[in-house]
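Contents: one structure, followed by commentary.
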Amino acid sequence: MTDLPTAFRPAEVHLPDPYPLYRHYRESEPVHLADDGSWYLFGHAAVAQVLSGRRDYCRGPAPARIPSDCPHLQRTVANWMVFMDPPEHTRVRALVARSFTPRVVQALRPRIRRIAARLVERLADELAAHGVADLVERFAAPLPVLVISELLGVPEHDRAWFRAQALDLELATSTRTGRRADAFRLVETAAGELDAYFRAELRRAGRRERDDLIGLMLRHGSALSEDTLVGTCVHLLTAGHETTTNLLAKGLLALLAHPGQLLALRRGPLLAAAAVDELIRYDAPVQMITRLARQDDRFGDRTVPAGSKVVLVLGAANRDPARFEQPDRLDLSRDTRRHCGFGIGSHYCVGAPLARAEAEIGLTMLLARFPHLAVAEQAAEPVRYTQDLVFHGPSQLLVQGG
């Protein structure tokens, strides 16, 4: 690489392929102090140690950059599990985990297939009519939000509205929010709408007895406040939507870029959970997460002071050759244990079984229905990445073929 930066700045990373830059820092300065005082960890061992709880770190508060005139957003995000530490995190996680066990997700798979099948046929109609279609808009984005709607028990007639609010609320956790003057107005409006929606659902007569996630939380979450229950519903909507959208879009891109792996997959059975984990390891939907150091910590010859913001670069850790042989090669038969894409330890992604199921079913149906699917290379900009290195993935993926 030429013209390498002297300090790591996420806003300046080449989004379609950040991995050469990650490799540079992992090899030359795996514990890196950036200009803003944040510490970046690029190696798998260091990242895994922090994630696993073997070092004294906390999640830290909700983002401080939320304006004071966004009260609904402040209250909602403050009650997201992602910003909690024990014991509060333990209570909320134990409640939510009841609806994401492998058994529950297995029972949900027929509904995921029905949703995916409808979206695949609509995508086919779009391709037949125009020759080109946006896979993100037509498939990767709606699939996870429709599935989480099923899990929460959102009525079908509310789901288009529900997805629109999810799209606006995504800006709350995006590094691109500051690029839009109206972003926080949109986010605050969506937060207020979803706050009112879920409060009404929680208070609805007979809601406790229904066999969905809201009913389960009402039956078993009596120790949690209404604010926490509402925040948890909104968090599940946003967390499952953006990350799984990125997994589906980038998973397809990775398969199309590795025809040998794609051919082996087409000749075999359904996409396996292990293959989904390799797609996540290869190009993680979430590239980095943040922790706060409670006390001084040492990595090699570098000391990270107490109170420091520490950014764990999951994308770099997942390509560390010290952990994974030939890490820049996609290998669907690889042993991916201890990849960091879903986290490690007590904060391991509670929705991982559902995300795997959505990717298995969604990608398998796409590949079966469209044996000649390809990126629409003749388009002016077939792949356009969202300006965000945290939730990393295409905002547009134009495809062609059938």
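Compute the distance from the alpha-carbon center of segment 338-398 to that of segment 246-315, in whole Å.
12
Placing one identical point scatterer on every Cα of segment 321-402 and ignoring solvent, what is log10 I(q)/I(0) from the Debye formula at q = 0.12, 0.20 Å⁻¹?
Rounded to two decimals, the profile gives -0.56, -1.28.
Once the other residues with Cβ under 15 Å from the Cβ of Asp35 are scored (Lys, Arg +1; Asp, Glu -1), what is the net sum?
Details: positive: Arg9, Lys309; negative: Glu12, Glu29, Asp36.
Summing Lys/Arg as +1 and Asp/Glu as -1 gives -1.
Can you pull the semi-axes for segment 89-248, root of five times each eigenvalue of the Cα gyration tensor, sorted largest first, whole Å?
27, 21, 14
May I ask which residue of Ala376, His157, Gly402 lies farthest towards the positive end of the charge dipole of the chain, with charges of +1 (Lys, Arg) and -1 (Asp, Glu) on Cβ and the Cα centre as origin?
Farthest towards the positive pole: His157.
Translational diffusion coefficient, Stokes-Einstein: compute it for segment 217-339 using the Kirkwood radius over C-alpha pairs as Rh, at 4 °C and 1.567 mPa s, and state it as an integer in µm² s⁻¹.
Working: Rh = 17.5 Å.
D, rounded to a whole number, is 74 µm²/s.
Please report the carbon-and-sulfur percent of the accessible area for the chain; probe 1.4 Å, protein heavy atoms only, DNA, RNA and ligands left out.
On the way: 9000 of 17380 Å².
After summing per-atom areas, the C and S share lands at 52 percent.
How much area per residue is accessible in the chain when the probe is 1.4 Å and only protein heavy atoms are counted (Å²)? Display every interim value, and only then the final one.
Values: 17380 Å² over 402 residues.
Roughly 43 Å² per residue, with all protein chains present.
Mind checking the dipole of the chain: about its Cα centre, +1 per Lys or Arg Cβ, -1 per Asp or Glu Cβ, Debye to the nearest 20?
Details: 50 positive and 48 negative charges, 243 e Å.
Here the size comes out at about 1160 debye.
On the first, second and third principal axes, largest extent first, how far apart are the outermost C-alpha atoms of segment 19-173 in Å?
If we take the Cα atoms of segment 19-173, the spans are 51, 41, 40 Å.
The values are calculated or read from the model by the stated rules, or taken from the named source; none is laboratory data. Not measured: the values here are computed from a predicted model. Note that each Cβ is placed from the backbone with ideal geometry, even for glycine, and that neighbours are counted across all protein chains shown. Protein only, heavy atoms only, side chains kept; ligands, DNA and RNA dropped before computing areas. Shrake-Rupley method; radii C 1.70, N 1.55, O 1.52, S 1.80 Å.
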